[in-house]
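Working notes, structure below.
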Amino acid sequence: MSRTRKTNVKKLVLCGIFIAIIIVLTAVPYTGYITYLPGGTPITTLHIPVILGALFLGWKYGALLGGVWGITCVVKAFLNPDPANVPFQNPLVSVLPRIIVGAVAALVFALCSGKFKKQKDRSGRGLPTPVSACIATVAGTLTNTLLVLTALHLFGHLGTTTIAALFSTVLMTLVGINGIIELAAAVVIVTALYSALAKTYHERFEA
C-alpha cells in the first residue's frame with residue numbers, strides 16, 4: 001500500500017471516530033445539547049469535535065463532519081418535535097450552516113498557519129501553532145452562530161428577515177450566556193486538544 005493511500009485510510013478512520021463522537025454527543029442527554037432552563041435554548045458542544053476534526057483533516061472532512069452534525073440535528077428535531085426544535089427539521093437551518101462551519105474552520109486554520117511562527121516536531125518540521133487553532137475555532141463558532149440565526153430568520157420561527165433584526169439577534173446571542181459559553185468552551189477545549197495532539201498527529205499521519 002502506498003504512503004499516500006495509507007495516510008488517506010488513517011484520515012478516514014479518524015474521521016469515523018469524530019463522526020462517532022458527534023453521534024454519541026447527540027444521543028446522550030446533556031452532553032451535545034445542554035439545557036439549563038426548561039424550554040430554553042440549549043448550549044451545544046457539537047461544534048467542538050467538528051472544528052477539531054476540521055483542523056486535523058482539512059476542509060473536505062470538516063464539511064463532512066459538519067454535515068453529520070446537521071443530519072443528527074435534523075433527526076433529533078423529528079424525534080423531539082417541540083416548538084424549539086421544529087425549525088431544525090429544515091436542512092437549510094440545521095445542515096447547510098454546519099457544513100460551512102467545518103469548511104470555514106479548516107480554511108481559516110490553513111490561512112493562519114502560514115501567518116504565524118510554527119512550532120517544531122521531532123524531525124524539526126514546522127507545525128501550525130495553537131494560535132492558528134484558536135483563531136480558527138473562533139471563526140468556526142461565530143460562523144455557526146451567524147449562519148444558523150440567519151437561516152432561522154429566513155426559514156424558521158424568528159419570522160423576520162430585516163438586517164437590523166438579524167444583527168440584534170446575533171449580537172444578543174453572542175453576548176448572552178449561550179454564546180459566551182459555547183465560544184469560550186470551544187476555544188479552551190479545541191486549542192488545548194490541538195496543542196496536545198498536533199505533534200503526534202503529524203508524526204503518525206503525515207510523516
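The values are calculated or read from the model by the stated rules, or taken from the named source; none is laboratory data. Predicted, not measured: the structure shown is a model, and the values here were computed from it. Reconstructed Cβ throughout: ideal geometry from the backbone, glycine too, with neighbour counts over all protein chains shown. Surface accessibility is based on the protein's heavy atoms, side chains included, excluding ligands, DNA and RNA. Shrake-Rupley method; radii C 1.70, N 1.55, O 1.52, S 1.80 Å.
Quick one: if you take sqrt(5λ) for each eigenvalue of the C-alpha gyration tensor of the chain, what semi-axes come out, biggest first, whole angstrom?
They are 32, 19, 15 Å, listed largest first.
Express the carbon and sulfur contribution to the solvent-accessible surface of the chain as a percent, rounded to the nearest whole number, probe 1.4 angstrom.
The computed percentage sits at 72.
Amide H to amide H under 5 Å from LEU127: which residues, 5+ apart in sequence or cross-chain, H placed 1.01 Å off N in plane?
GLN119, LYS120, ASP121
Helix 163-175 against the longest principal axis of the chain: what's the angle in degrees, Cα atoms only, rounded to the nearest 10?
60 degrees
Could you state the angle between the C-alpha long axis of helix 130-155 and the longest principal axis of the C-alpha atoms of the chain, as a value from 0 to 90 degrees rounded to the nearest 10?
30 degrees
Give me the number: length gained by fully extending ALA164 to ILE34, i.e. 0.36 nm times residue separation minus the C-alpha to C-alpha distance, one decimal in nm.
Answer, rounded to one decimal: 43.9 nm.
Relative to the first principal axis of the alpha-carbon coordinates of the chain, what is the inclination of helix 3-27, with its axis defined by its Cα atoms, in degrees from 0 to 90 and to the nearest 10?
30 degrees
For the ranges 24-32, 184-192, 62-70, what's the packing order if you count other beta-carbon atoms within 10 Å of each residue, average per peptide, and put the highest first?
62-70, 184-192, 24-32
With each pseudo-label sitting 7 Å past Cα toward Cβ, what's the GLN89-ILE189 distance in nm, one decimal?
Inter-label distance under the simple model: 2.9 nm.
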